[in-house]
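Peer 1: Have a look at this one before I ask anything.
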Amino acid sequence: MKTIKDKIAQLSFVALLLAVTSAMFYTPAASAHGEKSQAAFMRMRTIHWFDLNWSKDEVVVNETVVIEGKFHVFAGWPETVDKPEVAFLNIGIPGPVFIRAGSWIGGQLVPRSVSLELGETYDFKVLLKARRPGDWHVHTMMNVEGGGPIIGPGKWVTITGSMSDFTNPLTTLTGETLDLEDYALDNVYFWHALWMGIGFAWLLFWIKRPMFIPRHIAITSGKADTLISATDKKVGIAFAVGTMALVMAAMGSTNDKYPITTPLQAGLMRGIQWIDLPETSIDVKVEDASYRVPGRAMQMTLTITNNGDSAVRLGEFMTASVRFLEPDVLEDETGYPDDLLAEEGLTVSDNSPLAPGETRTVEVTASDAAWEVYRLADLIYDPDSRFAGLLFFFDEDGNRQMIMVDAPLIPTFI
């Protein structure tokens, strides 16, 4: 009987070990969208991304994808999020599947942090070079110091080919051409192995001594001075001196080998040029706004005044990267991500052309499953339940005007 139990125990242990090992090597493709994890108020009241375009949906390793568009920095930036006085234009991707070959805001190259102004609109462009094959969700993103990453809309991009073909050539200021993908890789392996070896040697020296329980007993009994011998002190000094000597020698050798160096550039770029948008001829006042929980719809009562020279109609409401379109006015032709596009999600009680000089109060409803799928409905549980978004009006010639709206949002449960 004992032999059978021993065999069962051994087999169970082997099965557990195989299961753990298999789990370690199992790496399924991630399909989640990171923006869902961010609070709804942050996505609605910070950075509004619009007019986005991904140049390609599929590329081969070493080919490039251009992401460009505009973003509006909300004037009513929430008090709980640090203002974008130090911000960095980034791209949200699952690791180094692309490399960023360049990024621009307002036509200016921005390799480091910038200072953005509240209430202004900027255009941007990011150049990405494909590195690792797979299907990847590529987001726009703005990192704000003290505020964290603010994630914009994302789109699936497929990379084909082989990662072994990837190259990242660079010409230095001295005229030398390098491939950053494998430059000095042997040196990296060497130093990692060396420091890991020193670390393991240090651990092994102490592991052979009394471990946790004996040391705890010695300390609680007042015999802590017996735990460290003179030999232990000498070995500790030898490790410390040897480490400092190794660092100094390596630094001297590096300075001799590379006498010309420049420090990492970490300054803040100010004065980034924003877009001088033409003054709008439309005034919009939000009389009230509510979110109907059972219907997954937001309803707004808007008083709209047209001070322009041509009639206009409301064609789009965008908030937190979700676009609600009025299909009789606007159809998307940009290939915007389907999960963020409600092509028939906007209805207006009276959306006949608003004549010049006319004022009209209308009921506007933005409804789609995206309110729940993207957790925008969580806004009603915030202590400061407000929404913000962009309204786009169009005249007969297709000219567009953008209006920012911001107001309290009241939930209704019937």
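The values are calculated or read from the model by the stated rules, or taken from the named source; none is laboratory data. Computed from a predicted model, the values in this text were never measured in an experiment. For neighbour counting, all protein chains shown are included, and Cβ atoms are generated from backbone atoms with ideal geometry for every residue, glycine included. Note: accessible area is taken over every heavy atom of the protein model, side chains too, but ligands, DNA and RNA are not part of it. Shrake-Rupley method; radii C 1.70, N 1.55, O 1.52, S 1.80 Å.
Peer 1: Anything in region 103-128 that is assigned to a strand (DSSP E or B), open to solvent by 10 Å² or more (accessible area, probe 1.4 Å), more than 17 Å from K155 (Cβ to Cβ) and touching a residue at least 12 places away in the same chain (Cβ under 8 Å)? List them, or say none.
Peer 2: Listed by number, the residues that qualify are W104, Q108, D123.
Peer 1: When you look at H48, is it touching a residue at least 60 places away in the same chain (Cβ under 8 Å), farther than 29 Å from S385 by Cα and surrounded by 17 or more Cβ atoms within 10 Å (Cβ to Cβ), yes or no?
Peer 2: no
Peer 1: Another one. Within the bounds of region 351-367, is there any residue that is in contact with a helix residue (DSSP H, G or I) (Cβ under 8 Å, 6 or more places away or on another chain), assigned to a strand (DSSP E or B) and under 25 Å from E396 (Cα atoms)?
Peer 2: no
Peer 1: Could you tell me which numbered condition P294 fails, if it satisfies all but one of (1) assigned to a loop (DSSP other than H, G, I, E, B); (2) of a type outside the set (G, A, S); (3) more than 30 Å from S349 (Cα to Cα)?
Peer 2: Of (1) assigned to a loop (DSSP other than H, G, I, E, B); (2) of a type outside the set (G, A, S); (3) more than 30 Å from S349 (Cα to Cα), only one is false for P294: (3).
Peer 1: Filter region 277-310 for residues that are more than 20 Å from M42 (Cα to Cα), open to solvent by less than 20 Å² (accessible area, probe 1.4 Å) and among the aliphatic types (A, V, I, L, M) and give the result.
Peer 2: Residues satisfying the conditions are I282, M300, L302, I304.
Peer 1: While we're here: I need the full set of residues from region 297-330 which are touching a helix residue (DSSP H, G or I) at 6+ places or on another chain (Cβ under 8 Å) and outside any strand (DSSP E or B), in order please.
Peer 2: Those that are touching a helix residue (DSSP H, G or I) at 6+ places or on another chain (Cβ under 8 Å) and outside any strand (DSSP E or B): A320, S321.
Peer 1: As an exercise: evaluate E372 against (1) assigned to a loop (DSSP other than H, G, I, E, B); (2) out of contact with any Gly (no Cβ under 7 Å at 6 or more places or on another chain); (3) open to solvent by 20 Å² or more (accessible area, probe 1.4 Å) and give the number of the one condition it does not meet.
Peer 2: Of the numbered conditions (1) assigned to a loop (DSSP other than H, G, I, E, B); (2) out of contact with any Gly (no Cβ under 7 Å at 6 or more places or on another chain); (3) open to solvent by 20 Å² or more (accessible area, probe 1.4 Å), the odd one out for E372 is (1).
Peer 1: From the list V188, V247, which residue is surrounded by 11 or more Cβ atoms within 10 Å (Cβ to Cβ), in a helix (DSSP H, G or I) and among the hydrophobic types (A, V, I, L, M, F, W, C)?
Peer 2: After ruling out the rest, the residue left standing is V188.
Peer 1: With respect to F205, is the statement that it is touching a residue at least 12 places away in the same chain (Cβ under 8 Å) and part of a helix (DSSP H, G or I) true?
Peer 2: When the stated conditions are applied, F205 passes them.
Peer 1: Which ones in region 222-235 are open to solvent by less than 70 Å² (accessible area, probe 1.4 Å) and either touching a Phe, Trp or Tyr at 6+ places or on another chain (Cβ under 9 Å) or not in a helix (DSSP H, G or I) (or both)?
Peer 2: G222, L227, S229, D232, V235
Peer 1: Can you tell me which of (1) at pLDDT 90 or above; (2) more than 26 Å from R323 (Cβ to Cβ); (3) surrounded by fewer than 18 Cβ atoms within 10 Å (Cβ to Cβ); (4) touching an Asp or Glu at 6+ places or on another chain (Cβ under 8 Å) is the one V61 doesn't meet?
Peer 2: Only one criterion is unmet by V61, namely (3).
Peer 1: Something else about it: Starting from residues that are of a type in the set (A, V, I, L, M, F, W, C) and outside any strand (DSSP E or B), keep the ones in region 381-414 and report whichever is modelled with the highest pLDDT.
Peer 2: The qualifying residue modelled with the highest pLDDT is L409.
Peer 1: Quick check on F41: is it buried (at least 17 other Cβ atoms within 10 Å of the Cβ) and at pLDDT below 90?
Peer 2: So F41 fits the description; yes.
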